[in-house]
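J.: So that we are looking at the same thing, I have put the structure below in structure tokens.
The values are calculated or read from the model by the stated rules, or taken from the named source; none is laboratory data. Quick caveat, the model's predicted, so the values are computed rather than measured. Ideal geometry is used to build each Cβ from the backbone, glycine not excepted, and the neighbour counts take in all protein chains shown. Heavy atoms of the whole protein, side chains included, go into the accessibility calculation; ligands, DNA and RNA do not. Shrake-Rupley method; radii C 1.70, N 1.55, O 1.52, S 1.80 Å.
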Amino acid sequence: MGKQSTQSSDTIKSSVLNCIDLSNPDISQSVNLLKQACLDSGFFYVVNHGISQEFMDDVFAQSKKFFSLPQKEKMKVLRSEKHRGYTPVLDEILDPQNQVHVGDYKEGYYIGVEVAEEDPESKKPFYGPNKWPAPDVLPRWRDTMEKFHREALEVGRAVAKIIALALGLDAKFFDQPKMLGEPIATLRLLHYGVQISDPSKGLYGAGAHTDFGLITLLATDEVSGLQICKDRDAKPQIWEDVAPLRGAFIVNLGDMLERWSNCVFKSTLHRVLGNGQERYSIAYFLEPSYDCLVECLPTCKSNNNPPKFPPILCGDYMTQRYNDTHADLKIYKKQQA
């Protein structure tokens, strides 16, 4: 209970984030803005990223159509062990120390890189066929999401080039086959209901957490709710509202990049508080391939600053983090029996 009462006295203010224009021909300016953002908050906006507003609006419209379906219909595409498909409300618990006996008041839908069942790669976690709503239920839905997945991947790769330069690496460092050449790239549609969050009672749209992987691209509707905490050890914690920006991606760094960069760039604690309004967002999680060995980057270590983390396979790390935060699928099988 002590932790919950501390949370309820959090200080809230508005955040001001750097804005990086991907159409800017002056790459050094973008690198400097990104470096400043990564050292300050780990969050920044990306604009002029090449995905049209018209298409972005269509993706949100298609997302709403899915979440508007009857629950029985949505459960037909319940997430698989490969993390593909629908995640019901309370399926995920991101802050178990404060979300006592409940989970996040959001529902979601995972869409990964399509890998055929007969492909040997599909034997690995995070690789395999996607789950899709029936075409007669949601026409155009699969085509829309697959197109967005492809376009968001290109945005992510463009951002990764700037991150590489900011870390003193070659611009194409993350383009290597075992990195973003063959990534674990996961699109996740999210829907927050009208539940009002109450930190003092451990009720959150999404509990306080850091993202697991390399970077996250987040598109939101115009309803606020996202908050960041730059100093997770502060007492009380200071939370900052991140304003929605139409047409932009909000980008944040994940724990894997923190490990890779030896804490030069840090992942940032964030959460979502529901305010009684429905809220939709679209997250795109970009990680290297399953077999990528994540070890301290050569530009981020020295005799005086040795590696802080041991090398780890991306796949092992991601599997552990997903298992720690998602409900056991056996629960749903019992409910449906």
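J.: To the nearest 20 Debye, how big is the dipole of segment 51-201 about its Cα centre, given +1 on the beta carbon of each Lys and Arg and -1 on that of each Asp and Glu?
T.: 200
J.: Give me the extension gain from Asn24 to Cys263: residue separation times 0.36 nm, minus the current Cα-Cα distance, reported in nm with one decimal.
T.: Between Asn24 and Cys263, full extension yields an extra 83.2 nm.
J.: Compute the separation of the alpha-carbon centres of segment 97-167 and segment 214-288 and state it in Å as a whole number.
T.: Between the Cα centres of segment 97-167 and segment 214-288 lies a distance of 18 Å.
J.: So which cysteines in the chain don't have a second cysteine's C-beta under 4.7 Å from them?
T.: So, Cys19, Cys38, Cys229, Cys263, Cys296, Cys300.
J.: Stokes-Einstein at 4 °C, 1.567 mPa s, Kirkwood radius from Cα pairs: D for the chain in µm² s⁻¹?
T.: 63
J.: How much of the calculated P(r) for segment 188-247 lies past 16 Å, in percent of all Cα pairs?
T.: Result: 58 percent of Cα pairs exceed 16 Å.
J.: Stretch Glu54-Glu121 to full length: gain in nm at 0.36 nm per residue minus the Cα-Cα span?
T.: Result for the pair: 20.6 nm of gain on full extension.
J.: Please report the carbon-and-sulfur percent of the accessible area for segment 204-337; probe 1.4 Å, protein heavy atoms only, DNA, RNA and ligands left out.
T.: 51
J.: Along the charge dipole of the chain, which of Met256, Gln97, Val194 sits closest to the positive end, that is, farthest toward it, with unit charges on the beta carbon of Lys, Arg, Asp and Glu (+1, +1, -1, -1)?
T.: Working it through, the farthest residue towards the positive pole turns out to be Gln97.
J.: Put Tyr204, Tyr317 in order of accessible area, largest first, 1.4 Å probe: what do you get?
T.: Descending order: Tyr317, Tyr204.
J.: Using the Cβ atoms and a cut-off under 13 Å, what net charge is assigned to the surroundings of Ala158, where Lys and Arg are +1 and Asp and Glu are -1?
T.: -1
J.: Report relative contact order for the chain in percent, whole number only (criteria: Cα-Cα under 8 Å, sequence separation at least 6).
T.: Relative contact order for the chain comes out at 22 percent.
J.: Please work out the average accessible area per residue across segment 176-283, using the 1.4 Å probe convention, and give it in Å².
T.: Computed with neighbouring chains in place, this is 33 Å² per residue.
J.: Order the following by accessible area, largest value first: Glu73, Glu118. Probe radius 1.4 Å; ligands, DNA and RNA are ignored.
T.: Final ranking, largest accessible area leading: Glu118, Glu73.
J.: Another one. Treating segment 133-260 as a set of equal point scatterers at the Cα positions, no solvent, please give the Debye-formula log₁₀ I(q)/I(0) at q = 0.11, 0.12, 0.15 Å⁻¹.
T.: Values returned for q = 0.11, 0.12, 0.15 Å⁻¹ are -0.53, -0.63, -0.93.
J.: Another one. For Lys124, give me every one of the lysines with a C-alpha distance below 19 angstrom, ignoring sequence neighbours fewer than eight places off in its own chain.
T.: Lys82, Lys178
J.: Under a plain spin-label model, where a point goes 7 Å from the Cα along Cα-to-Cβ, how far apart in nm are Asp233 and Asp143?
T.: Rounded to a tenth, the inter-label distance reads 5.4 nm.
J.: Please give, to one decimal in nm, the separation of the simple spin-label points placed at Ala61 and Lys330, each 7 Å out from Cα toward the Cβ.
T.: It works out to 4.5 nm between the two label points.
J.: Let me have the 222 nm mean residue ellipticity of the chain computed from DSSP H runs of 4+ only, each contributing -39500 (n - 2.57), with the sum over all residues rounded to the nearest 500.
T.: Mean residue ellipticity, 222 nm, calculated: -8500 deg cm²/dmol.
J.: Taking segment 31-164, how much of its Cα-Cα pair set, in percent, is spaced more than 23 angstrom apart?
T.: Of all Cα-Cα pairs in segment 31-164, 51 percent lie more than 23 Å apart.
J.: Give me the percent of the accessible area of segment 18-157 that comes from carbon and sulfur atoms, probe 1.4 Å, all protein chains in place.
T.: 53
J.: With +1 on each Lys and Arg Cβ and -1 on each Asp and Glu Cβ, how big is the dipole of the chain about its Cα centre, in debye rounded to the nearest 20?
T.: Its charge dipole is roughly 640 debye.
J.: Which lysines, if any, have their Cα less than 25 Å from the Cα of Lys201, not counting same-chain residues under 8 positions apart?
T.: Within reach: Lys3, Lys13, Lys106, Lys230, Lys235.
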